[in-house]
Every structure is written in structure tokens, then in C-alpha cells.
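Comments concern the structure below.
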Amino acid sequence: MSDHAHAMQLETSTGLDNRKLAIWTFIGSECLFFATLISNYLVHKQTWLSGPGPFPHERWTSPSGQAFEPIIEIPLVTMGTALLLFSSLFVVLALANAQRGNRNGLLVWLAATLFCGFFFVGMQVYEFTHFVHRGLTLKTNLFGASFFTLTGFHGTHVTLGVIWLLTLWIEAFRGKIPPAKSLNLEIAALYWHFVDVVWIVIFPVVYLIK
Amino acid sequence: MLLRTAAPRPLRRWVPVLFLLALLVGACSPEHYAQTALRPLSDFAKIGDDIQTTTIWWAFGVFVLVEGALLYAIFRFRGKPDDPEPQQVHGNTAIEIVWTVIPALILAAIAVPTVKGIFETSARPPADALKVEVIGHQWWWEFRYPDLNLTTANEVHIPVGQTVSFRMGTADVVHSFWPPRFAGKRDVFPNRETRLWFKAEAAGEYPGQCAEFCGIQHGRMAFRVKAQTPEEFQTWVSHMQTLGPKPPPAAEAPTAGDSVQVASAGASLRQAGASQDPQYATGEKLFQAKGCVGCHSLTAFNAPKGMIGPNLADVGARSYIGAGSFKNTDETLARWIQNPQAMKVGVLMPNLGVTAEEAKSLVGYLRAHQ
Amino acid sequence: MATTALDQQRAHATAGHAEKSGLWSWLTTVDHKRVGILYGATAFFFFLLGGIEAILLRIQLGSPNSTFLSPDTYNQLFTMHGTTMIFLAIMPLSAMFFNFMIPLMIGARDVAFPRLNAFSYWVFLAGGLFLNSSFFFGAAPDQGWYGYANLTSRQYSPGMNVDFWTLGLQILGVASLAAAVNFFVTILNMRAPGMKLMRMPMFVWMSFITQVLLLLAFPVITVALILLMFDRFFGTHFFVPSAGGDPLLWQHLFWIFGHPEVYILILPAFGIISEVLPVFSRKPLFGYAAMVFSGAFIAFLGFGVWSHHMFTTGMGPIADTFFALTTMLIAIPTGVKIFNWLGTVWGGSIQYRVPMYFALGFIAMFIIGGLSGVMHSSPPADLQQNDTYFIVAHFHYVLFGGSIFGLTAGAYYWWPKMSGRMLDETLGKVHFWLMLIGFNLTFFPMHILGLNGMPRRVYTYPEGLGFETLNQVETVGSLILGLSFVVFLFNIFKTARGPRNAPADPWNGATLEWAIPSPPQEWNFAEVPAVHGRDPLWEAKRERGGPLPEPPRVSGEGIHLPNPSIWPLVAAVGLTGVMVGVMTLHIVGPWGVVVGLSILFFGVYNWAFEPAG
């Protein structure tokens, strides 16, 4: 991308490249963003009991006698989570290859990362559609509202990460990511790790803890 | 000539200034303000007032010292461009410590009564407190006395010398109940109860106001506190308890209002004479025909809940209408009935197409409800 | 994309070009100084707009039962006055100084991300226009600048007013975050050799802390606004009580942002004062380290006091006590700063030039605002004070008496550096006295009115409560205050016609910006300076035994500069398009959002792939 920053790399007061410092700064800010969304979810995950809605974890019978089956499919989400976690490893391997100038290695591992990213987003789309079919939407109750808002924004972040990494894959394919430009990938990888870490918090909070 | 005109001129120049000063000094005195928070008339208000007085004195002292130091420095250390360079002092650790510790000590002096006051004002009121429920509406106040089965609006009667315990909520948005002579304010919420209590120490009628922006007419959502001697209060309670539901008039043809039987006109037994007045009778019919009965109850005792408009059982005796906005004269009441939107635009009471003649009758009818 | 060697040579050859002019050069500028001027001019325009809104409010309140403004208009005006002054005036006026002065003061040729910087300006402009376009729909925000739920729900605010506010603030939030990332990295990473953190000018320190506050506080209000937006547009019930939502959640989220926000509003002014006082006292800032640490401590503690805005909500004695104590605690570092400023002027040789007038006025006024703040910190007392004119008095003393006086001091101080012209001293002093008198006449009586029962946000008041006299005084005061800014405008226009002959160092300054020409050349420093201590310019003059010679203007050959770019503007347009798309969901379906996103992506991609030069 820009080699303006490349020249700067030698001169920065902290020794860190400007863009690397910037992505860490952005990540710091985004931590607050997700912390607020997660707090909102925690506040509202129980208050849905005041209204109707499918129970996420266990079978539930409403006061009027209507039975609701659990709708969360732990196996699928666990798969997605595992793949997302692996994708962080894959992007590290991609970066190592980029830094060593191994174009093929870079392309393979970055593609693996992308595959995991696509799977995760696909898993979320499937899950959202499934929930809507079972009657849980943004509007249904506060659990629905908080669930979709939190996981939806996380999913949007993943999607943007996928677009970013895909762009980089195309650049790498065209030979535009030599070792000197590996920082471009490193910054995207840092963002990707962050998105992964956020999911590591969301997954237990939403899916595992009752 | 010089002697004669020189003396009076300075004096004449000062007259307008003195007048303005007198006006300002008057404007600074709490006695000038009916809604002042600086002349507390209850135990609760005095807790906050004592702490506030303490902080005012500390603030004033700090103000005099620090601003004084600033003013002193401004004059003492003024320099000219070609003055020699002053001593280049970078700091002084000892003085940093001093001026960190001293404010901390002053704050501690404020913190101690503060924490004490927090717990005092959060304490539960005594068990024999008079319970009053406050429900905020856009833009009026509903008051209920659950132990007495009474409902009224905008003017809350309380006995002096007995703790009143307010349990509060709102029917719509967040408001804030603020009777400054008796207590600081407490916000009211739709989904949780908030509380306030105080024991009034002086009788009289005192204004209060909503203190949380709640929409277009937040500025005209006032109320009155009528603090009465225990005897007067008991008289009022007894009287209000006679304002129960009255069976609908037997010879009446069915009207749309009949289905709202419980909310139908209640009449004071004391006003038996008034009910013979033709204005009253016309007014009574209009109250049903114009639909007033759909929003307003005239029953104070066992009044229905959830009415859209203020309870009017004692409206004839109230000091103000429109939630403390307009003096309750016949002329004002008639204007309100005919065109509430012109007086308080946005209020939920629509223009009902009441003519001047009809308004007169309705005023007569309502005036009899005291 | 890599630039070729030929590209680089071309860049070098054009580096010595004469200053670019014309509309396109401004639309594509990535020069932090030009971005600073854009921020300043735009913010000042919004400040005047907010001031007119205030004067209209004051006319309405000048008499009881006034019908000058309808209640609805009044409510829109007071909401817009607050929102404008906070988000469209004070913050971007501070941003003007961040932009222009931070690189100069740290000895840098540029900010870390010139295009991100330009982007933040265009997004700010878009947000300001978006918010104010609501007037043309007769639907300006009318729910107060902190928009409490559940008044803001669709049910109780069915019109577009709250939508304009919610989405407008989201746009502005992006601008603030982008700028914060940029300045955070710039300050940490682009200091001249030898400028260790504890040698930075105090304005840079306070600005740095402000960026941290922005980065941590804005995400919280972003989420709050998202929740409100979802309630209003997508039918969720986050703040709808009947479905289990809680209006109090809004208050918590808002004030977790809102309290750090007030420190965002004041810290830059603290920094400016810390620059002006030493220069015009001719001695260094007293207690540099104490000033740094007190600023950092204020920022840190600022995240722990938010519920002091909620003392009347009945949170219970434990919460009340906690927040009362943290609020009192934060008064200590604030006091430390005031005392250190006093220590700076004490024993000095005070030069009474206009910047110093405003700096001293700042101290005098901020003390009052700080003291009334301490009075609010005690919940039993605050139960009477909250939501009255006593609070209005407090925050105007700290925001106007503090921030605006401070920013005005900065304007007069740095005007010669930014424009190459000196402002007229006499007119400046007239401005000061009118502003001081007008300000105090307007806002001091509010303390009295508030304690004596006048609530805030009321479009009128009846006769018989005694509020008339002081309200009249305040209205007169507001007109005098307005007049003071007419004088300022006159000063600007009068001197704008003169020659650009301000010296590099008109005030005998201590910091690096005074070492380069006024106004600076595009690359700021022909040679990157080496710094050996605080107040580097005083040190240099001391070594020389006298004033430094006027720095020459050079050709700038061989100095590498970033290329101008239109993509930040395009991306800003796209982002605005997304928000307009949300507003029009019910009219055009998702297509507004789709178009906005497309433009945004288009802008971002071109931005990412263009050569930076």
C-alpha cells in the first residue's frame, strides 16, 4: 500500500511503525466498543423472561402452556469457533511466509484463513436464519435484540476482516506483497486476531454460560 | 454656580445605580422566591441544606483566597517588555504536597457530612408515615393516597408534623418530582419505584415543578403542595372521601358515556344545593356529551386507575389549573375548556369544540366540585 | 502500490512549488495546517450559530410567559444549542489547534496519517451539516443534548428529530475516533529527536490525554446510539419499559461517555493556558510533572464519576456514596492545576498582551466553575441543585469560562503563526472586557436562580416565582456576550486585509512552533530540530544571548511531502450516505444504505491503493 510509512519506520519515536501503532490504538478503542455490547447483552439476557420467545439453551414452557424448544446449536457454533481460532494460527503462518518471501506459502495459508473466515460468517448467517425461522428476531424480546446486536456487530467485523484479507490475498497473488510490504499483512492479521479474541469472550458468554 | 451644581450631580448619577442594586439585592434574597431551595421547611430538606451551606462556605473561602491570590499576582507581578527576566522557577515539591493535601482535607470535611446525609436521606421513613403515590404524566401529576383510597391531581395535600412517604413512578416518560421547600428532587421512572419522604414543618401552599425534561410542555408541569395542620388535613380527607362514585342519573337517556359508569360524575353531598342550579345540570350533561368523562374522573374516593387526564374531583377548589400553570379563575377555566391547545400547546387534551356558553356551564359544574 | 523512482523524483521536484490555491486544493488537502484552518473556520461558524440559538433562548426567557418562541421551537433550540456547542464548536475548535499546532510543537513535518486526518474533517463537516439540515425539515433534535430514554423512543418522539440527533452524532463520532487515532500515533511516534515525553509542551500532553479519552469514551456512546437507533428503526426494546427495557441503562451508558466527554472539552484549554501563561509571565510552567500527572489522573478518574449526573435517580446509598467520593477526589488534581498556574505567574514579569488577558480570565472563571462543581458532588445537596439553573451556571462557567476563554486565548496566541498576521491589540482587549462582563452578567445570576427554584430546560416561567429580574439581567448579558464576538469578527476582517508580515516569534515563545516562519511553509521544518529539554526555544535564545534571527523561507527541495487526495472526502460522503440511507429506510428501502456503502467502499479502496508520494 503506502510506502510513505516505510520511510517513517526508521524515524518513529517509539520504533514502531505508525500503522502498527495505529491498529493497536484502534483495537484498544474497539475493546471498549465490544465491552459495552457484551455488558448490554449480560444486562438483557435474563430480562427477556418478561416476554415470549424461544429459550436458547433448554426447553421452556411459557405461562400460557406453550412449549419452546432450545434453538442454539452448540455443535455448529463450536465448529465455527474452532475454525476461527485456527484461522488466527493460519494467518500467523501466512505472515511468516510473507516475511520470508515465500509467495506460495503465503497464498496457501492466507487462503486457509479465508476459508475459516467464510465458514464462520456462513455459520452465523445460517444460525441467524434458523433463529428467525424459530421465531427469535431483533424485535421478539430483549434476548433476541441483544443477541443479534452483539453477534451481528461481531459478524460484521469478521466480514470486514474477510474482505480485507481477501484483498490482500489478491495482492499477494499479483506478487505485490514482498517481504518489504509484509507489514500490510501484519496489520490485517492483528485486526483478525482481535476479532478472534472478541469471539473468545462472546462464545462462552452467549453460548456456554447459562 | 460651580458649587451649586457640583454637589447634587454625583448623587443624581448614583440614583439609577442604587435602584438597580436594590433590585439585584432583592433578587438575591431567597425570600423573593416562592420556589426557593434555600429556606427548607422540612427535616429532609434541612439535611441537604446543612451540607450545602457547609460547601458554600468552604467554596466561598477558597474563592476569596484563590481569586485573591490571582488578583494580587495580576497587579503585583505586572512587567514591561524590557524588564529583566524574572527568576526561572520550575516548581517546588513541598508546595505541591501542601496544595494537594489541604484541598484533600477540605474535601474530607465535606465528605463526612455528605456520607452521613446520604444514608440519612436514604433511610426508610417511619412506619406511621402517610403514604402518597406520585405518578408523573405528560404533563401533570397524579397523587394517590392508598391507605385513604383517595386520588387527586396537581395539588397534593399533606399534614404538617407527620412524615409523608412518597412512592413514585410515571405513566409515560421520566419526570422528576421537585418540591424545593420540602425536599430535593427525585426522578420518576416507568419501570421502577423511587421514593422520597419528608416531614413538613410549616403550613402553607408551596409550588413545585417537574425537573426532568419530559417533552414539549415540561416547562408547564408544576404542582402545588398544600401543607395543612393535622386538623385541616383530616377535614380535607374526610371531605374527599365523600366524593365517591354516584349512580348515573336514572332519567337519563343512554349516552356514549354510560359505559364508563365507574368514572361517571360523582358529586359532593355538600354541593347538594348546587346540583339544583341549572348551570350545574347543563354542565353535568355536557361533561358526558363532550367526552370529558372519557379522560377525567370526578370521583376522589375509590377513583378508577389509569385515567388519561387529571382527576377533577376537587378541581373547583384548586389554586391552579393546567398543572400549576394558570390561576384557577372562572375565566381561565372557561378558556382552557374551550381551547387548551392555545394555552398549553401539545397537551393531550384536544379541543373539543366547546362553545363559550357551554364552557360557562361546564365551569359552573366543575366549580361546584371542591 | 509501490511508487517508482521516477514518481519520487517528480514529487521532489514539485515539493518546492508555490502554495497551492483554489477550491480543489482545499478539497484534496492533506496538509495538517490547512485541515486545521478548515476545522477552525467551520467550528467558528457553528459556534456563532450556537450563539445565535442561545440569544434566541435568552430573548424568550427575558420575560415571563413569553410567546416569542413556541415551546416546540424553544426545545429544538436548546437541544441544538447544547449539541452544537459541544460537538460542533468546542471539540472542533480544539481540533483546529491539534491539527495546526501539534506537529509544529513536536518538531514534526506532518501528522502520522494525513489522509485519515483530512477524512476526520470532512466527516465532521458532514455531521454538522446533517445535524443542522434537520432545521429545514422543521424537525431539529428536541430531546435535550443527552437525549434521555424513554422520551426518545418512537412512541414519545415519533418525528425525525431524535433520528437526526442519533445518526448525526454517530457521524461525528467517526470523525472524533479517526482524528484520535491519528493524533495518538502522531504524538507518540513523530516527535523530534530528543523530545522525550517529559519534554513535550504541555499543550501536547493535554491533547495526548484527550485523544486517549476520545478513544475510550466514544465507543460507549456509539453503542448507546446503536441501541437507540435499533429501538427507533428496527423495533427492538432496549429502552422500552413495557418490554423489560430500562431507561436507566441509557443514562449509565450516556454518562460513561458523557463524563469523560467534559474532560475532552476542557483538557485542550488546560493545555493552551499552560502554554500562554509561561510565555507571558516570562518564566517556565510551574510544576511540569505535577501538571502531567494531574492531567492523567483526571482522565483516569473521569471514567469513575459518571453517576454523579444521576444522583436524583435513586440509585441507593452505596452507589451515591461511591460516586460522591470519586467526584470529590477528582477535584484534587483539578485544584493542583489551578495552583500550578498561579505558581507560574507568581514572581513573573507579566506581559499584558491579549492572549494573557484571556488566559487570566480563564483561571478566574474556571475557579468559579470548579467550586460549583464541588458543591454538586454531595448528593443530599445535589438533590436540590440538579436539573436547575445552578447546574447550567456550573457548566457554562467551566465550558465557556473555561474552554471558550482558553480557546480564545489560543486563537489570539497562535493567530500570527497560523495566518501570518497580528490581530489588533486594542480590539482584542475590547473583546476581552465585553466577553468577561457579558459572560458574568449572563451566567452568574443563574447560580442564584437555580438555588431559588428555577429548573432548567423550561421554555418559560410564570409570574410570581420571582424569576423575572435576574432573567432580564441574563438576557442583557447574553447580548453583550454576543457583541464581544462581533468585535472579534471585526478584528479578524480588519486585519485580514493587512500584509502577512507577522514575525516568526512575536511573543518570545518557548516552543518549537516559534522557530519557523509565520505562517509555516508546507513542510513546517526545513531541518528537523534536535531537542535538549523543555522550552527549547528559550534555551536556544539563551545560548545565543538574544532573539533568534527571522527564519528564512526555503525552496523545500528534497523534502518529501504526501500527495493531496480526494478519497478522504469521497469516503466521508459515502459514510454520510449510509446515515442518510438509514434515515430514508422507510422511503427508499435499503437502497440509500447500499449506495452510501458503495461510495464508502469505493473511496476507501482508492485511498488504500493510491500512491502516497
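The values are calculated or read from the model by the stated rules, or taken from the named source; none is laboratory data. Remember, predicted model here, so these are calculated numbers, not experimental data. Glycine also receives a Cβ, built like all others from the backbone with ideal geometry; neighbour counts cover every protein chain displayed.
For region B:110-130, the set of residues classified as touching a Phe, Trp or Tyr at 6+ places or on another chain (Cβ under 7 Å) and more than 9 Å from every other protein chain (Cβ to nearest Cβ) consists of B:P125, B:A129, listed by residue number.
Of all residues in region C:228-245, those that are buried (at least 24 other Cβ atoms within 10 Å of the Cβ), facing chain A (nearest Cβ under 9 Å) and assigned to a helix (DSSP H, G or I) total 1.
Look at C:Y389 and say whether it is of a type in the set (F, W, Y), farther than 11 Å from C:V276 by Cβ and surrounded by fewer than 24 Cβ atoms within 10 Å (Cβ to Cβ). No; evaluated as a whole, the condition is false for this residue. Within region C:158-171, being assigned to a loop (DSSP other than H, G, I, E, B) and in contact (Cβ under 8 Å) with a residue 60 or more places away in the chain holds for one residue alone: C:M160.
Considering each of C:M85, C:M101, C:M96, C:M91 in turn, give the residue that is surrounded by 24 or more Cβ atoms within 10 Å (Cβ to Cβ), away from chain B (no Cβ under 13 Å) and touching an Asp or Glu at 6+ places or on another chain (Cβ under 8 Å).
Criteria check complete, one pass: C:M101.
Just one of (1) more than 7 Å from chain C (Cβ to nearest Cβ); (2) surrounded by fewer than 24 Cβ atoms within 10 Å (Cβ to Cβ); (3) among the aliphatic types (A, V, I, L, M) fails for B:I216. It is (1).
Of all the residues in region C:542-576, those that are of a type in the set (D, E) and either in contact with a helix residue (DSSP H, G or I) (Cβ under 9 Å, 6 or more places away or on another chain) or crowded, with 20+ Cβ neighbours inside 10 Å (or both) number 1.
Consider region A:137-152 and keep the residues that are assigned to a helix (DSSP H, G or I) and free of Cβ contacts under 8 Å to residues at least 60 places away in the same chain. The one that is surrounded by the fewest Cβ atoms within 10 Å (Cβ to Cβ) is A:G152. Selection of region B:18-54 for residues being within 8 Å of chain C (Cβ to nearest Cβ), among the β-branched types (V, I, T) and exposed (fewer than 15 other Cβ atoms within 10 Å of the Cβ) yields an empty set. Between C:G82, C:G128, the distinction of being in contact with a Ser or Thr (Cβ under 8 Å, 6 or more places away or on another chain) and in the same structural domain as C:L151 (by TED's automatic domain parsing) belongs to C:G128 only. Could we say that A:G135 is out of contact with any Pro (no Cβ under 6 Å at 6 or more places or on another chain) and closer than 27 Å to C:D231 by Cβ here? Spelling it out, it is not the case that A:G135 is out of contact with any Pro (no Cβ under 6 Å at 6 or more places or on another chain) and closer than 27 Å to C:D231 by Cβ.
Report, by residue number, each residue of region C:290-316 that is under 13 Å from C:P379 (Cβ atoms) and crowded, with 18+ Cβ neighbours inside 10 Å.
C:V305, C:S307, C:H308, C:H309, C:M310, C:F311, C:T312, C:T313, C:G314, C:M315
If only residues of region C:141-170 that are among the aromatic types (F, W, Y) and more than 11 Å from every other protein chain (Cβ to nearest Cβ) are counted, the one that is farthest from C:T79 (Cα to Cα) is C:F164.
Set side by side, the residues C:F339, C:F286, C:F257 differ, and just one is closer than 26 Å to A:L32 by Cα, of a type outside the set (A, V, I, L, M) and in contact with a helix residue (DSSP H, G or I) (Cβ under 9 Å, 6 or more places away or on another chain), which is C:F257. Check region C:458-481 and report whether any residue there is of a type outside the set (A, V, I, L, M, F, W, C) and over 30 Å from B:S319 (Cβ atoms). Yes; the residues of region C:458-481 include at least one that is of a type outside the set (A, V, I, L, M, F, W, C) and over 30 Å from B:S319 (Cβ atoms).
Would region A:124-136 turn up any residue that is surrounded by fewer than 17 Cβ atoms within 10 Å (Cβ to Cβ), under 26 Å from C:D246 (Cα atoms) and out of contact with any Ser or Thr (no Cβ under 6 Å at 6 or more places or on another chain)?
yes
The set of residues in region C:530-562 being within 14 Å of another protein chain (Cβ to nearest Cβ) and either hydroxyl-bearing (S, T, Y) or touching a His at 6+ places or on another chain (Cβ under 9 Å) (or both) consists of C:R534, C:E539, C:G558, C:I559, C:H560, C:P562. Has region C:301-316 got at least one residue that is out of contact with any strand residue (DSSP E or B) (no Cβ under 9 Å at 6 or more places or on another chain), free of Cβ contacts under 8 Å to residues at least 40 places away in the same chain and in a helix (DSSP H, G or I)? Yes, because at least one residue in region C:301-316 is out of contact with any strand residue (DSSP E or B) (no Cβ under 9 Å at 6 or more places or on another chain), free of Cβ contacts under 8 Å to residues at least 40 places away in the same chain and in a helix (DSSP H, G or I). Summed over region B:337-354, the residues that are more than 25 Å from the chain's Cα centre (by Cα), free of Cβ contacts under 8 Å to residues at least 60 places away in the same chain and buried (at least 18 other Cβ atoms within 10 Å of the Cβ) give a count of 1.
Is it fair to say B:V164 is surrounded by 24 or more Cβ atoms within 10 Å (Cβ to Cβ), in a strand (DSSP E or B) and in contact with a strand residue (DSSP E or B) (Cβ under 7 Å, 6 or more places away or on another chain)? In short, yes. The single condition from (1) within 17 Å of C:V223 (Cβ to Cβ); (2) in contact with a Phe, Trp or Tyr (Cβ under 8 Å, 6 or more places away or on another chain); (3) in a helix (DSSP H, G or I) that A:H157 fails is (2). Restricting attention to region B:72-93, the residues being of a type outside the set (V, I, T), at the interface with another protein chain (Cβ under 8 Å from one of its Cβ atoms) and either touching a residue at least 60 places away in the same chain (Cβ under 8 Å) or part of a helix (DSSP H, G or I) (or both) number 1.
From the list C:I350, C:I298, the one residue that fits, being at pLDDT 95 or above, farther than 16 Å from C:T511 by Cβ and over 20 Å from the mean Cα position of the chain (by Cα), is C:I350. Counting only residues that are part of a helix (DSSP H, G or I) and more than 27 Å from B:Q241 (Cα to Cα), region B:349-370 holds 5 of them.
Could you pull out the residue among B:W99, B:W57 that is at the interface with another protein chain (Cβ under 9 Å from one of its Cβ atoms) and of a type outside the set (A, V, I, L, M)?
B:W99
Of the residues C:T326, C:T408, C:T344, the single one that is surrounded by 23 or more Cβ atoms within 10 Å (Cβ to Cβ) and over 19 Å from the mean Cα position of the chain (by Cα) is C:T344.
Just one of the listed residues (C:A540, C:A510, C:A515) is touching a residue at least 60 places away in the same chain (Cβ under 8 Å) and small (G, A, S), and it is C:A510.
Find the residue count for region C:115-150, including only residues that are under 20 Å from the mean Cα position of the chain (by Cα) and assigned to a helix (DSSP H, G or I). Residues that pass the stated criteria total 17.
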